[in-house]
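To keep things clear, I will list the structure first and then write my remarks on it.
The values are calculated or read from the model by the stated rules, or taken from the named source; none is laboratory data. Quick caveat, the model's predicted, so the values are computed rather than measured. For neighbour counting, all protein chains shown are included, and Cβ atoms are generated from backbone atoms with ideal geometry for every residue, glycine included.
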Amino acid sequence: MFHHSLKKPIIWVLILISFAFIKVDDIINLPEHFPKPVYDFKNNPLTKEKIYLGRNLFYDPILSHDNKVPCENCHSPFTAFTHVDHALSHGIYDSIGTRNSPALMNLAWQKKFMWDGAINNLDMQALAPISHPAEMGSSIQEVVTKLRASKKYKDLFYKAFNDSIATGENTLKALSQFLLTLVSSGSRYDKFIQGKLKFTEQEENGYKLFKKHCAVCHTEPLFTNGSFENNGLIPDPLLKDSGRIKISANPSDAYKFKVPTLRNIEYTFPYMHDGRFKSLGDVMNHYTKGIHHSKTLSAELRNRIVLTSNEKVDIVSFLLTLSDKEFVFNPDHRFPSE
Amino acid sequence: MLFSFCVFGQETTQKDLLFEASWGGRKIHPDSTYTMDKGSVVQFEILKLYLSDIRFLPDDSKRDVSVTKVRLIDLSDSLSLKFKTGLLKNDIVTGVRFLLGIDSLVNVSGVYGGDLDPTKGMYWTWQSGYINFKIEGSIKDVNGRVRSFKWHIGGYQSPGNALQEIELKHNGIGTLKLVLDLEKFMKEADLNTKTNIMSPGVEAVKLAEVLALCFTIH
């Protein structure tokens with residue numbers, strides 16, 4: 001009798017633990033072939049109400065000073081949450097920024113955010129575009145003031161946080177919740193890894209070449225190792241962007257930028273931190289015959305990469321297997337019209 | 001019965017900590033001006049700083065110290081200048097230990113509310129990290145030339161870790177008053193070349209070290 005009653009609480013604890021895990025898994029679909037996420041879900045447990053609030057905020061120009069520029073402006077769902085109209089970001093009052101807007105996906109696995117890694121946690125990432133004078137030109141104080149005056153958001157904050165009064169903390173947590181749902185893991189590559197399909201001969205050859213020449217930095221399955229590298233681009237004389245050194249003040253970080261994911265690369269042109277390449281062909285030509293040598297050049301690029309024209313086409317063929325139409329056309333990611 | 005209530009009520013009253021920014025023993029007000037040695041006149045417009053992990057050290061070593069996790073002090077907000085310590089009014093305090101700023105763990109752990117909410121204006125937006133303290137104002141020299149100073153000091157990573165640990169000894173009972181001597185700070189700060197520091201780095205650390213030496217407790 002004693003042993004029986006003792007077991008019950010243990011069973012309940014186990015049930016509750018497994019329920020918590022399944023709940024996160026259900027909402028954001030943690031793929032089995034992905035590593036453990038970096039984001040600490042315990043600090044911001046996902047709920048449908050918070051995700052829905054974050055989704056509304058993401059698509060609402062209320063986050064900008066002139067109420068005209070939503071996050072979506074630079075991060076359209078149909079282009080894997082980046083924009084393809086400009087090499088550099090396009091913000092408030094037709095301002096042009098200094099960097100290419102990054103594609104947003106699989107953010108729960110990212111350690112640093114922005115091209116130079118200036119932001120150390122997803123929760124804090126939105127502060128940068130909200131405050132930047134060439135992006136949304138506002139401040140978190142101004143945003144919260146507007147949200148507190150909005151009947152719609154009073155209702156959404158109450159449903160999400162049981163408190164109708166918006167705070168900076170809850171606004172940023174809700175945005176994180178929506179962003180965490182942007183998981184791309186339904187590409188042909190993913191189905192290949194899961195044994196659900198076979199690559200064509202061309203894709204297979206491209207995959208082999210990719211693993212030989214590209215995968216050290218663009219590491220599977222996220223197709224980035226999260227590091228910062230100088231990939232041999234000639235510095236733009238007008239932008240004068242020296243990359244991560246601005247944040248770290250370490251000379252060894254000069255001209256280093258975050259290695260971007262290659263998932264959905266078909267949709268996310270133009271390429272590089274300054275959007276200088278319009279096509280994947282341009283990118284292949286850069287890595288084979290355009291490398292600019294400097295002190296901080298990535299060790300992986302110090303020896304010339306030699307590829308035939310056919311091999312370049314094969315690699316591009318493999319890169320196209322990273323396109324995830326389920327992700328790009330997922331109605332749950334779009335403007336919340338309901 | 002009434003007598004008992006009063007006695008016990010007095011014993012359980014908590015001890016407050018008062019914060020005061022001073023200039024030569026005078027309490028600083030944002031609207032007032034203060035004269036330096038060489039005749040320059042200083043006016044402070046903003047003084048905001050984080051005190052965290054505040055531990056009061058009672059005389060009885062067997063007792064746990066009282067801990068306040070974080071307080072944002074803002075000279076323009078009188079409510080922020082006084083707070084409960086968790087100590088009883090008759091507790092004898094032998095010292096206080098606190099951090100000037102926010103530690104690295106909090107800096108990398110996402111968003112917080114309360115005094116740490118980013119709407120408090122003490123979080124950088126162009127890069128991650130809390131601003132440990134802000135001091136802004138102007139100096140008018142004897143020739144009438146006016147210069148502004150703006151120090152936003154933070155940084156949690158070496159070699160730019162500006163967090164300062166401060167321990168102050170205290171004798172006696174009663175209300176505790178933490179005093180920041182800004183006259184001493186302005187004498188030590190480099191007012192010729194370093195009047196604008198708003199990013200982490202070695203210069204920010206130096207200024208934080210200077211400010212850390214300007215606290216006393218009474």
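Identify the residue in the stretch B:95-128 that is part of a loop (DSSP other than H, G, I, E, B), in contact with a strand residue (DSSP E or B) (Cβ under 7 Å, 6 or more places away or on another chain) and small (Gly, Ala, Ser) and, among all such residues, is nearest to the other protein chains (Cβ to nearest Cβ).
If we take residues in the stretch B:95-128 being part of a loop (DSSP other than H, G, I, E, B), in contact with a strand residue (DSSP E or B) (Cβ under 7 Å, 6 or more places away or on another chain) and small (Gly, Ala, Ser), then B:128 is nearest to the other protein chains (Cβ to nearest Cβ).
Being out of contact with any Phe, Trp or Tyr (no Cβ under 9 Å at 6 or more places or on another chain) and aromatic (Phe, Trp, Tyr) is the filter here; which residues of the stretch A:148-202 pass it?
A:153, A:157, A:158, A:161
Please verify whether the stretch B:162-177 includes one or more residues that are closer than 23 Å to residue B:54 by Cα, of a type in the set (Asp, Glu) and touching a residue at least 60 places away in the same chain (Cβ under 8 Å).
Quick first cut of the stretch B:162-177, residues closer than 23 Å to residue B:54 by Cα only: B:162-177.
Now narrow it down to the ones that are of a type in the set (Asp, Glu): B:165, B:167.
In the following step, the residues that additionally are touching a residue at least 60 places away in the same chain (Cβ under 8 Å) were identified as B:165, B:167.
Yes: one or more hits.
Only residues in the stretch A:206-230 that are buried (at least 19 other Cβ atoms within 10 Å of the Cβ) count as the first member; pair them with residues that are polar (S, T, N, Q) and not in a loop (DSSP other than H, G, I, E, B), Cβ under 7 angstrom, at least 6 apart or cross-chain, and list the lot.
A:206/A:317
Only residues that are over 17 Å from the mean Cα position of the chain (by Cα) and under 17 Å from residue A:272 (Cβ atoms): list them for the stretch A:91-101, please.
Across the stretch A:91-101, the qualifying residues are A:96, A:97, A:98.
Would you pick out the residues in the stretch A:67-101 that are β-branched (Val, Ile, Thr), assigned to a loop (DSSP other than H, G, I, E, B) and modelled with pLDDT of 95 or more?
Within the stretch A:67-101, just A:69 meets the criteria.
Just to check your reading of the model, which residue among A:106, A:67 is out of contact with any Ser or Thr (no Cβ under 7 Å at 6 or more places or on another chain) and not assigned by TED's automatic domain parsing to the domain that holds residue A:278? Step through it out loud before you land on a result.
Details: A:106 fails: out of contact with any Ser or Thr (no Cβ under 7 Å at 6 or more places or on another chain).
Criteria check complete, one pass: A:67.
Closer than 22 Å to residue A:224 by Cα and within 12 Å of chain B (Cβ to nearest Cβ), is that true of residue A:113? Steps first, please.
Numbers: closer than 22 Å to residue A:224 by Cα: yes; within 12 Å of chain B (Cβ to nearest Cβ): yes.
Considered against the rule, which asks whether it is closer than 22 Å to residue A:224 by Cα and within 12 Å of chain B (Cβ to nearest Cβ), residue A:113 comes out as yes.
Inside the stretch A:130-144, can you point out the residues that are more than 9 Å from chain B (Cβ to nearest Cβ) and free of Cβ contacts under 8 Å to residues at least 60 places away in the same chain?
Going through the stretch A:130-144, the residues more than 9 Å from chain B (Cβ to nearest Cβ) turn out to be A:133-138, A:142.
Listed by number, the residues that qualify are A:133, A:134.
Could you tell me whether residue A:304 is in the same structural domain as residue A:252 (by TED's automatic domain parsing) and in contact (Cβ under 8 Å) with a residue 60 or more places away in the chain? Quick ask: steps written out before the conclusion?
Values: in the same structural domain as residue A:252 (by TED's automatic domain parsing): yes; in contact (Cβ under 8 Å) with a residue 60 or more places away in the chain: no.
Against the criterion (in the same structural domain as residue A:252 (by TED's automatic domain parsing) and in contact (Cβ under 8 Å) with a residue 60 or more places away in the chain), residue A:304 does not qualify.
Looking at the stretch A:193-206, is at least one residue among the acidic types (Asp, Glu), over 21 Å from the mean Cα position of the chain (by Cα), under 15 Å from residue A:322 (Cβ atoms) and modelled with pLDDT of 95 or more? Break it down stepwise before answering.
Going residue by residue through the stretch A:193-206, those that are among the acidic types (Asp, Glu) are A:201, A:203-204.
Of the ones still in play, those that are also over 21 Å from the mean Cα position of the chain (by Cα) are A:201, A:203-204.
Cutting the leftovers down to under 15 Å from residue A:322 (Cβ atoms) gives us A:203-204.
Checking the rest, the ones that are also modelled with pLDDT of 95 or more come to A:203-204.
Scanning the stretch A:193-206 turns up at least one residue that is among the acidic types (Asp, Glu), over 21 Å from the mean Cα position of the chain (by Cα), under 15 Å from residue A:322 (Cβ atoms) and modelled with pLDDT of 95 or more.
Can you give me the ranges of the helices (runs of 4 or more DSSP H) entirely in the stretch A:254-338 with at least 1 residues that are of a type in the set (S, T, N, Q)? If you could, list the steps in order and put the result at the bottom.
Values: elements: A:280-289, A:309-319, A:325-328.
Result: A:280-289, A:309-319.
Determine, yes or no, whether residue B:168 is buried (at least 20 other Cβ atoms within 10 Å of the Cβ) and closer than 18 Å to residue B:98 by Cα. Outline the logic, then answer.
Values: buried (at least 20 other Cβ atoms within 10 Å of the Cβ): no; closer than 18 Å to residue B:98 by Cα: yes.
Spelling it out, it is not the case that residue B:168 is buried (at least 20 other Cβ atoms within 10 Å of the Cβ) and closer than 18 Å to residue B:98 by Cα.
Yes/no per residue for (1) within 14 Å of another protein chain (Cβ to nearest Cβ); (2) out of contact with any Lys or Arg (no Cβ under 7 Å at 6 or more places or on another chain); (3) surrounded by 21 or more Cβ atoms within 10 Å (Cβ to Cβ); (4) of a type in the set (Asp, Glu):
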{"site": "A:49", "(1), (2), (3), (4)": "no, no, no, yes"}
{"site": "A:56", "(1), (2), (3), (4)": "no, yes, no, no"}
{"site": "A:69", "(1), (2), (3), (4)": "no, yes, yes, no"}
{"site": "A:81", "(1), (2), (3), (4)": "no, yes, yes, no"}
{"site": "A:100", "(1), (2), (3), (4)": "no, yes, yes, no"}
{"site": "A:109", "(1), (2), (3), (4)": "no, yes, no, no"}
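Filtering the stretch B:27-65 down to residues that are of a type in the set (Gly, Ala, Ser) and at pLDDT below 95, which residue is surrounded by the fewest Cβ atoms within 10 Å (Cβ to Cβ)?
Restricting attention to the stretch B:27-65, the residues satisfying the condition of being of a type in the set (Gly, Ala, Ser) are B:32, B:39-40, B:52, B:61.
In the following step, the residues that additionally are at pLDDT below 95 were identified as B:32, B:39-40, B:61.
On the way: B:32: 12, B:39: 10, B:40: 18, B:61: 8.
By that ranking, first place goes to B:61.
Go through the stretch A:161-186 and count every residue that is surrounded by 22 or more Cβ atoms within 10 Å (Cβ to Cβ), touching a residue at least 60 places away in the same chain (Cβ under 8 Å), within 14 Å of chain B (Cβ to nearest Cβ) and not polar (S, T, N, Q).
Residues that pass the stated criteria total 5.
Any residue that is within 30 Å of residue B:39 (Cβ to Cβ) and out of contact with any Leu (no Cβ under 6 Å at 6 or more places or on another chain) - is there at least one of those in the stretch B:162-172? Show your work before the answer.
Step one: list which residues in the stretch B:162-172 are within 30 Å of residue B:39 (Cβ to Cβ), which gives none.
No, because not a single residue in the stretch B:162-172 is within 30 Å of residue B:39 (Cβ to Cβ) and out of contact with any Leu (no Cβ under 6 Å at 6 or more places or on another chain).
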